[in-house]
Each structure stands twice: as C-alpha cells, then as structure tokens.
1. Which one is nearest to residue 120 (Cα to Cα), of the residues in the range 171-187 that are in contact (Cβ under 8 Å) with a residue 40 or more places away in the chain and among the aliphatic types (A, V, I, L, M)?
2. Working only within the range 83-108, note down all residues that are out of contact with any Phe, Trp or Tyr (no Cβ under 6 Å at 6 or more places or on another chain), in a strand (DSSP E or B) and of a type in the set (S, T, N, Q).
3. Does the range 29-63 hold any residues that are under 25 Å from residue 177 (Cβ atoms), out of contact with any Asp or Glu (no Cβ under 9 Å at 6 or more places or on another chain) and in a strand (DSSP E or B), and which are they?
4. Only one residue in 257, 251 is charged (D, E, K, R), crowded, with 21+ Cβ neighbours inside 10 Å and under 23 Å from residue 316 (Cβ atoms). Which one?
5. Please determine, by comparing only the residues of the range 64-82 that are among the charged types (D, E, K, R) and part of a helix (DSSP H, G or I), which one is nearest to residue 179 (Cα to Cα).
6. Could you list all residues from the range 188-204 that are closer than 18 Å to residue 122 by Cβ and in a loop (DSSP other than H, G, I, E, B)?
7. Against the condition of a type in the set (D, E, K, R), in contact with a His (Cβ under 7 Å, 6 or more places away or on another chain) and buried (at least 17 other Cβ atoms within 10 Å of the Cβ), how does residue 19 come out, does it pass?
8. Please work out which residue is surrounded by the fewest Cβ atoms within 10 Å (Cβ to Cβ), limiting yourself to the range 202-232 and to residues that are at pLDDT below 90 and of a type in the set (D, E, K, R).
Amino acid sequence: MKKAVHFGAGKIGRGFIAELLHDSGYEIVFGDVVDALVDIVNKEHQYPLFLIDHDYEEKIIDHVVAYSNIKEPEKIIDAICDAEVITTSVMATNLPKIAPLLTQGLKKRLEQGKGKTTVMACENAIMGTDILKKAMIETGILTAEQIDEIAVYPNTAVDRMVFGGVHNGKEGIEIGDAFELAIERGKLIDPDSEPIKGAEYVDDLQRKIYIINCGHAIAGYYGQAIKGYEIVQDALRDPDLLPDIRSAMLESASALEKKYGFAHEDLVNYMETMMIKRFTTPGVVDPIARVSREPIRKISPNDRIMGPAYQCEEYGLDNFHLLKGVACALKFKADDDPQADELQKFIAENGVEAAIVKYTGVAEGSRMYNVILEEYKKLA
C-alpha cells in the first residue's frame, strides 16, 4: 500500500484527515506526543467512526499504526522516508514543535535519494503549511533549497464536524457527511493529480476561510459577548443573533465577489449549506470555547474577520457586522486559552483602544477603529 504519515492522532486526525487518506488507499502512520492516543490506534490497528447522517452507522479505519514523537522518533523518520503524503492536525500553534522531527525525516529521505513528497498542514489557520515550512527552515536541519528539493508544500483549508462518541459499546469518533478539505492545486508535484481523494483542489483558499471560518468564529464571539452562550448552535438558532451572523458572512462574501468574481448566488448557497445548515444539525454541539479560541490570531489583519473587513473597506463595501464581531472578540474569555488570557490582560493594563490598534492593525481614529470601539462600549 501507499504510505502516509499524519502528525496528530486526535479527533480531527483520526476522524477527518485519516479517513480521507484511508479511502485514498494509504497505510497510515500516526505520530503523536500523547501516549493514550498512540495506544488507541495500536490497540487493534483499526478504530471505528460513526456516521452521524446515517444513524451512526459504523465505519472501520484500518491499516493504521502509531508511534510516539518523543519515544519513537526514528520510526517516524523512517516512515517519512517512504511516505507519499505527510499531513498534520496538531493545531497551528504546535506546528513549530513538530517541525524538527519532520525536517529530520526529510533530511534522511534526501540522503537516501528518494523523490519528492507532499507536505500539508491541515490546520484551522490561514496558510498553515506556510507556517510549518517556515518553522522547518528555522530548525537549520535543512536549507530552504533542500527543503524545496525534497517536498512540495500546498496550503489547505479544512472543515468538518467531529465528536467523540460511544455506540454499540464501542468508543469512537462521530463524523458528519459534509466536509471540506481544500488544497492548493498549483503547489502539488503534479497539478493534475489528486493525492487525497475527496479533497477539493483549488487555486484560491479564501472562500472557505472568509466565509465558513469567519462565520463560525463570529457566531461564537457574538453568542458569548451578547447573550452569554457557551454553545455555538445556541447563537445560530437565536433569532436575535442569526441575522447579524449571516450579515457578517455576507459582507465577507461580498469582498470575495468583488475581488475574485464569484457568483453571488454560489456564495450564498455555499454559506447556507456549509455553515448554517451544517452547524444547526440536530445533535451537533460545538463549544464556543473551542471554535472561537485563539482570538488574537482570529482578529489579526490577514485572518478570517479583519482580512475580509479590510477588503470591504478597500472596495467601499459594508463591513459593520464584521467589525462588530471584532468588538465581541475583544470580550472573549475561555479557560486554557493563552491568547484569550493575553488579550484580556492587555486590555486591563492598556485599555481597549490600544488593543484595537495592536491586534487588528487598524489606525487609531480611523473609521473602522471608531466602529469597533463604539460596538465594544455598547457591550460593556
């Protein structure tokens, strides 16, 4: 069988990326730092998925093995030497932590005279593979030229509902039918190839990031800041909030429509199907603390909220609801979220005015600055 290496054996890794790799005919080697996750994979070298949209019908993912990044690095390095695809789902903030091991594997692969492989960070982050590649270069294990010689690095955008669940006495992962794995076509070894079946091969990733990721985060920020909700679905079902959430997504869509020429109807259908309907499926529960975590990253100038807000500003389009989302994000609190803690500490010590400038990049006194500040004060 073809071989794939995947860093991260959590729910996204096993329930999303590994399922697609499995269905594409790969033997999968997981690398993880959590012994319990390694043990789950190695217990039977297979594990169950439960299909939410098919009355939790069971699907078995087999031909899998897992190794500890810490205790068994050589086994992962050897697997990298033979892998046609290397993927990750470790959270963007952890990409620098796996970069040394991955680069060591590519170095050995290069020394053995192997051909190029494909490396893709499947993270909920803008241009996550670029982040990983930069971290790999910074290890100094290989030069930038050598890193390009041994692999290609397409960026991806990912989206799928995955949950832990127990059915028929088995513990596994619940998954929905709808998903998106968008991959940059132009950065593949062969732009006409499909290394992962079921993925969408695109020339631009912004549609998914600027509509779905944007709407998901804003729903959480609106829900917590305005109504005190803890679950995203509560915000999406709230008749007071849903129109504003939908308006924020439509503002973002209007920027894409203007910049790239997308058809308005296509973007609206995409929004309704991939966001509104999916995330209000009965039984689906998404904690706001998870989907809206890392607010500093999510309100940064090029990310899912301020990115489209800036584009709307450039084209003279409405961006009020996006900016209101930023105001709500400035209120965001969550346990075990260092970025949320940093943001609230900075606001307490320096004021929200300074925070707006520092974290969104807008100029003090500008129109966007004034909207964010005014909406924040209304929340207070």
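1. Selected residue: 183.
2. Going residue by residue through the range 83-108, those that are out of contact with any Phe, Trp or Tyr (no Cβ under 6 Å at 6 or more places or on another chain) are 83-87, 89, 91-97, 99-108.
From what's left, in a strand (DSSP E or B): 85-87.
87 - this is the single residue of the range 83-108 that is out of contact with any Phe, Trp or Tyr (no Cβ under 6 Å at 6 or more places or on another chain), in a strand (DSSP E or B) and of a type in the set (S, T, N, Q).
3. Listed by number, the residues that qualify are 30, 57, 58, 60.
4. Working: 257 fails: crowded, with 21+ Cβ neighbours inside 10 Å.
That would be 251, the only listed residue that is charged (D, E, K, R), crowded, with 21+ Cβ neighbours inside 10 Å and under 23 Å from residue 316 (Cβ atoms).
5. Just the residues of the range 64-82 that are among the charged types (D, E, K, R), to begin with: 71-72, 74-75, 78, 82.
Cutting the leftovers down to part of a helix (DSSP H, G or I) gives us 74-75, 78, 82.
On the way: 74: 33, 75: 31, 78: 31, 82: 28 Å.
So, considering only residues that are among the charged types (D, E, K, R) and part of a helix (DSSP H, G or I), the one nearest to residue 179 (Cα to Cα) is 82.
6. Let us first name the residues in the range 188-204 that are closer than 18 Å to residue 122 by Cβ, namely 188-189, 193-202, 204.
Scanning the range 188-204 gives 188, 189, 193, 194, 195, 196, 197, 198, 199, 204.
7. Values: of a type in the set (D, E, K, R): yes; in contact with a His (Cβ under 7 Å, 6 or more places away or on another chain): no; buried (at least 17 other Cβ atoms within 10 Å of the Cβ): yes.
No: the conditions fail for residue 19.
8. The qualifying residue surrounded by the fewest Cβ atoms within 10 Å (Cβ to Cβ) is 203.
The values are calculated or read from the model by the stated rules, or taken from the named source; none is laboratory data. None of the values given here were measured: they were computed from a predicted structure. Positions of Cβ are backbone-derived with ideal geometry, glycine not excepted, and every protein chain shown enters the neighbour counts.
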